[in-house]
Every structure is written in structure tokens, then in C-alpha cells.
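Heads up, the thing below is written out as C-alpha cells.
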Amino acid sequence: MAKLISVFLISLFCQFFLFEPTALSANTFKLGSISVEGNNRLSDEAILNYSRLKSNATISSEDLNSSYNKVLDTGLFKDVVFKQNGRNLTITVEEYPTVNDIFFEGNKKFTDEKLKSFIVTEPNLVFNPVSLEEDLTALQTAYKNSGRFSARVQPKVINRSNNRVDLIFEIYEGSVVEIEKINFVGNREFSDRRLRRVLSSKQAGVLRKIIMSDILIEEKISLDKRRLADFYRSRGFADFRINDVNTELSEEKDGFFITYNISEGPKFALGEVKLRSNVKEVLISDFKNFISLIPGETYSPKLIQNEITKLEEKLQARGFEFVRVRPEVTRNLNSLTLNVDLVFEKGDRLFVERIDISGNVATLDRVLRRQFFIVEGDPFNPREIKAASDRIRALGLFSDTSVTTRPGSTGSQIIIDVKVTETPTGSLTFGAGYSSQAGLGALVEYSERNFLGRGQSLSFAIKTGKDNQLYEVSFFEPMFLRNDLGFGLNFSVKDTKKQNAAYDTEIVKVQPYVVYPLGERSKIKIDYSILQTDLSNPGNVGSIITSEVNEGEVLSSSVGYVFSHDTRLYKTGSNNGVVFKLGQKFTGLGGDKTAMKTTMKVAAQRNAFKEDVKLTAEFESGLLTYTTGNSSVIDRFFLGSRKMRGFDAGGIGPRECLNRNCEVGNNDALGGENFAVVRFEAEFPLGLPDEYGMTGGLFYDIGNLWSLNNSNNDVLYEDGSWRQAIGASIFWKTPIGPLRFNFSDVLKKEQYDRDEAFDLTISTRF
């Protein structure tokens, strides 16, 4: 019995007087005093606050263990020891040092300030080995994303007085490892060259020192896989799959070879399209007329999605907010068609609780929120969420976007999470250029696509040439007053010094405008323009130009519109389709002149020969009618190389010649009040490596410029004459923009026309 009592007393003594935190039992006891040792930087009160312990409090062993972990988890201490002496507790800590300064050695690719933005460690903060590991990972990733896969970062910690350290990152940047070649295995329908155009990653080219798209970024591989799948499926290859993507480093370790192993599968056309309703209140007959899918056309998931979106909008408009449209696709392998049943069925009664946005630093929340056509409290529609995600991505303000959903506070609510990664949106450009019309010129341009984080566009430009100067300021708000209404303002001043003419011009223009969508593929732009023009300093000119110069400064205002309809499928990358534009401008809200100016353009585009060749055909015309007063060279039409290749800006159309002899005296290009041009073009590969970014082209243009309301006997070609030109082009994609070199040969012209065998321009698309 005495032996048992002794064992019990020894156990009790050990429990209460020799306790270490890891050995506490679940029994409670009353804590005495608490003291702190080893701290130099942090106060006793701060450490006690971390521990959540108080003197004379009754605690358990679990409480004491929890307090120990709380102090240790602060990340401020190398070591923490809890030691009891009776009921009293001593907390002994060993503090991490503070960071005195941070240095980088060996860096050339990134500045010190840029490297500091990648890391979390900062001067005057506590040095933590865990944070240091995160910093090393972040720096390695930054160099990896810049194509320097062999870069190494070595940290060095230098001890200083007063428990401080200097942190030095020794960097070996290495050389850039580029994508030398992108290959495809299994492709029969499309060439490697065509598929490479789909990818965001590019092969290293002749301008590899300037461009950055030829650097392997692993995140781009996932993006490119999606782009490749979308490309094939939008063209009817519903069974397309990517078997494997192999990324191999060359033996010299100076380049990557990427190989996509794919299976195309058969090409499907659209078969029967039917509506079916599992909701008795929804009648099929009410929605049949809204189906626009045509059996026999190439099957595309995008076409089906567009049809579903349209039907669900009609359902909502009729009060069926929770009815969804689900596609059922069945295959007919004999005819290689896909039959589609669009099924109306009841969806879950879910509502949007809130929209949470993160990752935006410069961009205001409202810029992202207005991409959603739903707000908190509205019925939840997963297709609208997908559409909003596409609209956010289309803004071009973010390098990465993610829109996901999660359950809300109740079973009937959904929270939408929007996470974005911002990308630089501003640019400052200095450049020089050459055009055959203006000679050598210089350019200074600043543009910002996310002005003040509001999603607005702002740009300033100064362009100078041998005979001209242009100053421009542009502003555009894509969502003015409402989500689908854009507002813009343009201001420009243009001066010319006898550019293609024997007189000087000054044109000042102020133009506010609004843009409103009329459908998925149509929009209308309405503008109001104030224009001040002045012709001056005439040389050897005829009576018509002289009379226009004598008018002095002319102030006019006008209202106008431009309607456009575009059937091209940009999201599939095919660009097959038709563009139609019709614009009219009505002058005469003030002043002595009233006029109507009408322009029209129809352009068709189609890819041929497995999409390696692009064929375009364009028709463009204009009509200027003055009911009061006369037209002037400022507002009449001119056909330069942008509209009629083979001729300069004043090369064709009515012109005034002394005694109808342009070889004596003046030769004034007057412009015309009517014009019509037809252009045909084919763009094709030249057989050069893709990385050169060069393609070739052939073109044929036929056009006419005629009519003048203020004419005389010295005017030639007033009645018009059809001119023709053929030529070849070289297209070159460069970091400063797509350049176009035209080599022309005129087939038909008039005696005093001014042709142009070569011109260099910025390539444009309709």
C-alpha cells in the first residue's frame, strides 16, 4: 500500500511541476504568473497577446498546447519554449532577424525594382526562411516565363548588428531558350503552317531579339490546346482530340521542339434540328420560327450555343426564367451528320447571391461587374456566366481570367467568383516610317486601354511627314450610361504643305459619337462633327481651286451614321463571311452649304485550299450631293493606294488643266463626287519559314472617280473613266505592325493620270 501511495505522489509531482507542453494531460489547472524571455524586438505584451494566455486563468493542457502553437505559427521566431515552474510559466523565444536591405547581383534582364515586385520579403520586415523559399520560386518563375530556363538564383544571408540581416540574391540569368520548331502529327485536313497560325506560341523568327511570342511558357500550352480544339470543332471535326503534346529541349539546350500529336476524326455536317419540350407550359410551336440553323452547313458548337442563347432569351422574355435549353446530339456515321435536339427543361431555381471580384489592382470593380448582364438577386443562368467570362476576356485588359461559381449561404443561392490577372495596357511608341505619298515621317503615340482603371481608351498621336502634320486625341468609353452603349470623342488637327497638290490645307475636326449594337453581328455608329477647313497659299492653280481658296475658313457641322453588319466568325479564326457597311453624313445644320454624303462597302472573304489561301472581294462606292453651295477638295472623294492600287492620292478623277492641256500650266486633281471600286485579292504562303512572318499576294483593281458640280471647260475626266491595275504584294508581320509592299502595273489609265508602281503601307483589314 505504501508503495502505491509513493508512485501516486511522484506521478502527481511530475504532472504539475516538471511539465513540458507536449506532456500535458487533459486535466485543468490554475495558471500562475507568466514571464517572457529572449525577446529584443517584440514586447512582452505582444507575445502574450499572441499566446492568448492570462495570469491566474484556469486552463487545460490542450489550451497550453494551443497557445504554444499560436506563438510558433506567427512566423516571427526561430524557436519557442514553454516551461513551467510550479504553476508559473516562462515563455522563451528566439526571434528571427529583421531584413536590413535586399540586393540583387548579376541581373540584366530585370531591374532591381522589377525583381523586388516579384518577392514578398521587404526591408524592415521579419526575415522568414519560408518566405525566402517563396521568393526563390517567384524569381525562378519570372525568368522561366521570359524564356531563360537555365537561370539560377542563389540566396545569401549576411548577418548585421542588432539582429539584422542583408539578403542578397545572386542571379545567373542564362540565355533565352526559344521555340525552334512547332510540329504536328496526325493532321491531314490542315497544314502545319495553318495550324501554327492558331496557336499563341510562335516559332523563333528573324526578329527573335524583339518579339517575345517565341518563348516557351508552359501556361500557353494549355491555352493552345484549347485554341486548337476550338479551331477543329468549329469546322465540323467533333471527334477531334489531342493525344499528346511533347516538349523537347535540343541537345545544345538552346531551343525547344514542340510536337502536337492529334487525331482529327471525320468532318460532320449539321443534320436535323428539332425542338422538344419537357415543360408542359412551354409550347414548341411558339419557338419554331426562331430556329436559324440550316441542315447541311458545317457543324460548329458555337452555332449551337448561339441558338441556345437566343432561345433562352426568348424564354426569359416570356416569363420562363428557370427553363433551360439542353442540346442532345446524335450521330449518323453513314451520312456524317450530327442531329441536334434542343430540349426545353426546368432548371434549378437558383439566384445570384453576390459577385466577388479579386486580382484587379488598377482596374475598378465596376469595369468587371458591367460585363455581367445580371446582378445580385437575379435568377442564375450558367450560360450568361459563360458569356460574361467571354466578355471579360475580350476586354484585353487581363492576361488570365477565371469565372467560377460556388454555393451561397442558402441552397437556392450561388456566389460568382471572378479572378483576374492584369496585363500592361499602356504603350508609348516612337517610330519612323515611309510612305510613297508622304515620304519619310515620324510618329509619337501614347495609348492607354484602361485609363484610370475605368476600362476606357485614351490615345494621343503626333504624325509628321515631309508635307503633312497630324495631331490626334481620341477617347472611348465602351459602356456609357448602359452596358451596350459606347461613347467616343475624336479631336484632330491636320496640316498639309502642298501634299500632292499646289496648295496648303488645314483641317480641324471635333467628333463625338455613340456606338450601339443592333444584334450579335450588327451595330450602328451615330456621330456629330464640327469641321473647320482652310485652303491657303495656292501655287499655279486653276479657277476652281482659286475659288475654293477665296472662301477662306469654312465652318460646317454635320450628323451622320454608319451601319455595319459582319458575318465573319472571329472566334473560330476562319474569318469566312461578308462585311456590309453603309454610312451617311448630313451637312447643313448651320452655314451656307447643305449636302449629303453616302458611302457603302461590301466585302466578302473566304479561305480556300485548306485555309492556306485567303480570297477577298470588295466593292466600295460613294456619292456626294450638294443641295446648297458647292463641294470642295476637302470633302470630295479621292482614290489613292488604299482604295485603288496603282495610283497615287490625286492620280485619277476630274482635274483642271489650262486650256485642257495638262502639259502646260497647272494640273489640279479636283477629286470627284462619285466613285466606285472593285478589288480582288488572294493572299498565300511564299514557302518561306513561318517565323519570317511573310506571305505573298496578287490583286486586281478596277475603279472610277467622276462628277463635279462646279465645273468648267478646262476640267477633264468629269464623266469618268474606268481604270484598271494588277499587282503583287508582300505581307510582313512585324512587331510595329503588319506591313504591306505593293508592286503595281496599270492596265488602263487616262493620259494625265498619275500612277504609282510601288507603295509601302500599314496593312489593314476590312
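Determine the calculated [θ] at 222 nm for the chain from helices alone, applying -39500 (n - 2.57) to every DSSP H run no shorter than 4 residues and normalising by the residue count; nearest 500 deg cm²/dmol. Show your work: numbers first, answer last.
Working: 11 runs with 126 residues, N = 766.
Helix-only estimate at 222 nm: -5000 deg cm²/dmol.
Compute the relative contact order of the chain as a whole-number percentage, counting only Cα pairs closer than 8 Å that sit 6 or more residues apart in sequence.
Normalised by residue count, the contact order of the chain is 5 percent.
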List the pair-distance distribution P(r) of region 376-506, using every Cα-Cα distance, as the percent of pairs falling in each 5 Å bin from 0 up to the bin containing the longest distance, rounded to whole percents. 2, 8, 13, 14, 13, 11, 10, 8, 6, 5, 4, 3, 2, 1, 0, 0
Name the aspartates and glutamates eligible as straight-distance cross-link partners of Lys70: C-alpha to C-alpha under 13 Å, and not fewer than 8 places from it in the same chain. Glu62, Asp79
Expressed in angstrom and rounded, the centroid-to-centroid distance over alpha carbons for region 280-327 and region 66-114 is 61 Å
Can you tell me the dipole magnitude for region 618-713 around its Cα centre, using point charges on the Cβ only (Lys, Arg +1; Asp, Glu -1), in Debye to the nearest 20? 380 debye
Backbone HN-Hα couplings from phi across region 31-37 [Karplus 6.51/-1.76/1.60, Hz, Gly and Pro as x]: 7, x, 7, 10, 10, 10, 10
What translational diffusion coefficient, in µm²/s and rounded to a whole number, does the Stokes-Einstein relation yield for region 98-172 at 25 °C and a viscosity of 0.890 mPa s, taking the hydrodynamic radius as the Kirkwood radius over Cα pairs? 196 µm²/s
Taking only the alpha-carbon atoms of the chain, the convex hull volume per residue, in cubic angstrom, is 277 Å³
Expressed in Å to one decimal, the Kirkwood Rh of region 178-263 from all distinct alpha-carbon pairs is 13.4 Å
Can you work out ³J(HN,Hα) from phi for every residue in region 347-358, in order, using Karplus 6.51 cos²θ - 1.76 cosθ + 1.60 and θ = phi - 60°, giving whole Hz and x for Gly and Pro? x, 5, 7, 10, 10, 7, 7, 6, 10, 9, 10, 9
If unit charges are put on Cβ atoms (+1 for Lys and Arg, -1 for Asp and Glu) and the dipole of the chain is taken about its Cα centre, the option from Val176, Asn69, Phe609 lying farthest towards the positive end turns out to be Asn69
Assign unit charges at the C-beta atoms only (+1 for Lys and Arg, -1 for Asp and Glu), then state the dipole size of the chain relative to its Cα centre in Debye, rounded to the nearest 20. 1780 debye
Taking max minus min of the Cα coordinates of region 351-422 on each principal axis, largest first, gives extents in Å of 34, 20, 17
Kirkwood hydrodynamic radius (C-alpha pairs) into Stokes-Einstein, region 269-346, 37 °C and 0.692 mPa s, D in µm²/s: 255 µm²/s
Which entries in Lys498/Lys585; Lys116/Lys733; Lys267/Lys288 show an alpha-carbon gap greater than 32 Å? Lys116/Lys733
Qualifying GluC sites (Glu not before Pro) for region 630-709 [loop in DSSP, other Cβ within 10 Å: at most 16]: Glu663
Using the Karplus curve 6.51 cos²θ - 1.76 cosθ + 1.60 with θ = phi - 60°, what ³J(HN,Hα) values do you get for each residue of region 83-94, in whole Hz, with x for Gly and Pro? 9, 9, 10, x, 8, 8, 10, 10, 9, 10, 10, 10
For region 479-629, what mean projected area does the convex hull of the alpha carbons give, in nm²? 12.3 nm²
Checking the table Lys54/Lys78; Lys274/Lys310; Lys523/Lys610; Lys83/Lys156; Lys144/Lys225 against a 26 Å threshold on Cα-Cα, which pairs fail? Lys523/Lys610; Lys83/Lys156
Per the charge dipole of region 643-766 (beta-carbon charges, Lys/Arg positive, Asp/Glu negative, Cα centre), the residue among Phe758, Pro654, Phe699 reaching farthest to the positive end is Phe699
If you count the DSSP beta bridges with both ends in region 98-172, what percent of them are antiparallel, to the nearest 5? 60 percent
Give the lysines reachable from Lys181 as a straight Cα distance under 16 Å; neighbours fewer than 8 places away on the same chain don't count. Lys202, Lys220, Lys253
What are the radius of gyration and Dmax of region 224-263, computed over its Cα atoms and given in Å? 13.1, 41
Cut-off under 14 Å on the C-alpha distance; same-chain residues fewer than 8 positions from Lys593 excluded. Which aspartates and glutamates are left, in chain and number order? Glu548, Glu551, Glu553, Asp635
Positive-end residue of Asn124, Ile217, Phe231, charge dipole of the chain with Cβ unit charges: Phe231
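Please list the helices of the chain that count as membrane-span-like by this rule: a mean Kyte-Doolittle hydropathy of at least 1.0 together with Cα atoms stretching 20 Å or more along the helix axis, each helix being a complete DSSP H run.
Helices meeting the criterion: 2-17.
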Place a +1 charge on the Cβ of each Lys and Arg in region 178-263 and a -1 charge on the Cβ of each Asp and Glu, then give the dipole magnitude about the Cα centre in debye, rounded to the nearest 20. 540 debye
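A short reminder: the numbers here are calculations on the coordinates, not readings from a lab. Nothing here was measured: the structure is a model prediction, and the numbers come from that model. A quick note on method: Cβ atoms are made from the backbone with ideal geometry, for glycine too, and the neighbour counts reach across all protein chains shown.
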